[in-house]
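Here, each number is a calculation from the coordinates, and none is a lab measurement. From a predicted model like this one, the values you see are computed outputs, not experimental measurements. Every residue, glycine as well, gets a Cβ built from its backbone with ideal geometry; the counts of neighbours run over all protein chains shown.
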Amino acid sequence: MPAFNEEQTLQVATERILHQDRVQELLIVDDASSDRTLEIAESLARKNPKIRVFKHEVNLGKGAALRTGFQQATSDVVGIHDADLEYDPADYKNMLEPFDKGVADVVFGSRFIGSGPHRVVYFWHYVGNRFLTTLSNMLTNINLTDMETCFKFFKREIIQSINIKENRFGFEPEITAKVAKKKVRIYEVPVAYYGRTYEEGKKINWKDGVAALRCILKYNLFR
């Protein structure tokens with residue numbers, strides 16, 4: 001769980017995650033928060049041995065926090081869950097099913113398929129996401145519906161074998177390109193989405209969209 005200035009949601013997110021009986025460990029990576037995020041995370045870890053906390057001395061970005069967490073993971077399947085309550089841990093069951101059946105190496109949770117609840121938020125975010133997903137699909141030759149999803153689960157040996165370069169939100173197109181090049185079995189399942197507004201703490205912006213476009217081209221055409 002990457003976390004940056006999430007003092008308002010971290011405890012609830014942690015409780016919801018640990019309520020899922022399949023969770024063996026929760027790694028919280030504080031990315032040099034300026035609020036009480038690290039303090040809350042360390043307090044939660046003292047109460048539950050499943051929680052381990054790591055911290056960055058300077059803010060590096062979501063991709064860097066994920067890189068730290070992946071390196072420390074020990075479970076057979078490793079998943080990403082942000083601390084912002086936009087995704088529901090109850091969907092872990094659906095995310096893990098393809099692994100349980102032995103048919104998947106990587107599973108993406110899509111906000112755009114299925115009938116789960118989806119908060120109606122920003123039109124241009126949706127348009128941008130569809131554009132980036134389509135371009136990514138064209139270059140990777142896979143047919144995802146939601147490349148930018150937070151919910152990505154991996155077999156541990158796969159994610160730990162990938163050298164992640166991007167420090168910010170460019171992680172999403174980078175990891176998509178790299179798992180596609182590995183020719184692993186990728187599945188997609190529907191998940192619910194409770195998106196935040198900027199007033200509620202949403203952090204991604206148009207600059208991250210431009211960076212994602214750069215990363216799609218970089219990791220598909222030049223690597």
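Remarks
- Inverse mean reciprocal Cα-Cα distance (Kirkwood Rh) of the chain, Å: 17.6 Å
- For the range 21-65, the fraction of C-alpha pairs more than 16 angstrom apart is 39%.
- Note on residue 24 and residue 76: the model spin-label points, each 7 Å out from Cα along the C-beta direction, lie 0.7 nm apart.
- Formal net charge of residues neighbouring residue 113 (Cβ-Cβ distance under 10 Å; K, R +1; D, E -1): -1
- Candidate lysines - alpha carbon under 20 Å from residue 152, same-chain residues fewer than 8 apart omitted: 62, 93, 101, 165, 178, 181, 182, 183, 202, 203
- Rounded to the nearest 500, the helix-only mean residue ellipticity at 222 nm of the chain stands at -12000 deg cm²/dmol, with each DSSP H run of n ≥ 4 adding -39,500 (n - 2.57).
- Applying 0.36 nm per residue to the separation of residue 194 and residue 59 and subtracting their alpha-carbon distance, the gain on full extension is 46.0 nm.
- Taking chymotrypsin sites (Phe, Trp or Tyr not before Pro) across the range 118-223, the ones in a DSSP loop with at most 12 further Cβ atoms lying within 10 angstrom of their Cβ are 198, 222.
- The modelled label-to-label distance for the pair residue 11/residue 100, using points 7 Å beyond Cα in the direction of Cβ, is 3.2 nm.
- Overall dimensions of the range 120-223 by Cα: Rg and Dmax, Å: 13.7, 40
- Computed over the chain: relative contact order in percent, which uses C-alpha pairs under 8 Å that are six or more apart: 24 percent
- The distance between label points at residue 184 and residue 210 comes to 3.2 nm (points 7 Å beyond Cα on the Cα→Cβ vector).
- Among the trypsin sites (Lys or Arg not before Pro) in the range 61-140, those located in a DSSP loop and surrounded by at most 15 other Cβ atoms within 10 Å of their own Cβ are 101, 119.
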